[in-house]
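To start, the structure under review is shown below, and the notes come after it.
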Amino acid sequence: MRVITTIAELRTARAALQGTTGLVPTMGYLHEGHLSLVRRARAENDHVITTIFVNPTQFGPSEDLTRYPRDLPRDLALLEAEKVDLVFAPDVSEMYPPGFGTFIDVGPIAAPLEGAARPGHFCGVATVVCKLFAITSPHRAYFGQKDAQQTLVIRRMTLDLNLPVEIVVCPIVREPDGLAMSSRNVYLNPEERRAATVLFRALRAVQERFAAGERNGDALRAAMRAVIDAEPLARADYVSVADLDDLHELETVTGRALASLAVRIGTTRLIDNCVLEG
Ligand code: AMP
């Protein structure tokens, strides 16, 4: 496994790889969710490139960029064990040199939910992912359903800009108690960690209501909100039952729908989602 920090070196190393290449973009501080993407990429491609880059352009001014958890030596050991070929871990100045000025606006799909709560977030995501595609020229790129709207944003951008990359979306990996794995879970103190299961509990509640035949969007959203409101350490940022393709809030669910939520536990903001179907 080679660890590379410059774009020039990465291009040279990439050019030497024969066959198919899978890309797994991450911000590091890896957990089993990330590793599930790496394993899928490993299984489906001749080579795997993982990127570790805490991308400043996707963080708002009052967000957790400076305290975002990092542990490069540990990440590299985990990736080595997964037989990753190349790790690209550039500095911010390598990705955004002085004079950098081009940003990607993917349009309406980036507007609601996370886009509304985090202005500019998806512009930063789309821009850095497009750059990583341009730098690494992957055949396939792997993303987690954990960040459901992000997968739609990336698919939209890839389609709109004719990027020759197949987007693969992988299932959410959870802790035994249902909490979706996230690098940000490390922020939680023991009491908050217990409260954080509220996201999964809310998703279970909406799934139960849906299974019982409820199709009214407001009633389904209320089922999630009631669970969050009952948890003293939790504050809902949003709850949503939305169209799987364009993310508009549904009055009535006719086919499938995306149930998603963002919740603050203390100062930590967590997201989760599930697909309502059947
Ligand atoms: P991040 O490092 O948080 O930017 O995540 C990098 C990639 O890993 C993204 O495509 C995420 O959606 C994915 N990911 C993060 N957490 C999980 C999880 N619990 N299960 C599956 N994929 C995940």
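The values are calculated or read from the model by the stated rules, or taken from the named source; none is laboratory data. No experiment lies behind these values; they were computed from the predicted model shown. Cβ coordinates were reconstructed from backbone atoms using ideal geometry, including for glycine residues, and neighbour counts include every protein chain displayed. Accessible surface areas use protein heavy atoms only, side chains included; no ligands, DNA or RNA. Shrake-Rupley method; radii C 1.70, N 1.55, O 1.52, S 1.80 Å.
Add +1 for every Lys or Arg and -1 for every Asp or Glu among the other residues with Cβ under 14 Å from the Cβ of residue 227, and state the total. Cβ neighbours under 14 Å give a net charge of +2.
Taking the alpha-carbon centroid of each part, what is the distance from region 84-118 to region 169-218 in angstrom? Here the two parts' Cα centres lie 27 Å apart. For the pair residue 174 and residue 245 in one chain, pulling the backbone fully straight at 0.36 nm per residue adds 23.1 nm over the alpha carbon distance. Averaged over residues, the count of other Cβ atoms within 10 Å places the peptides 253-259, 132-138, 44-50 in the sequence 44-50, 132-138, 253-259, highest first. Residue separation of residue 117 and residue 3 scaled by 0.36 nm, minus their Cα-Cα distance, works out to 37.6 nm of gained length.
Within region 179-278, what whole-number % of the accessible surface is contributed by carbon and sulfur, with the 1.4 Å probe and all protein chains included in the calculation? That fraction is 48 percent. Average accessible surface for the chain: 45 Å² per residue, computed with a 1.4 Å probe over protein heavy atoms with every protein chain in place. Subtracting the Cα-Cα distance of residue 91 and residue 160 from 0.36 nm times their residue separation leaves 22.0 nm of extension gain. Legend: helices of the chain (whole DSSP H runs) are marked when their alpha-carbon atoms reach 20 angstrom or more along the helix axis and their mean Kyte-Doolittle hydropathy is at least 1.6; marked are 121-136.
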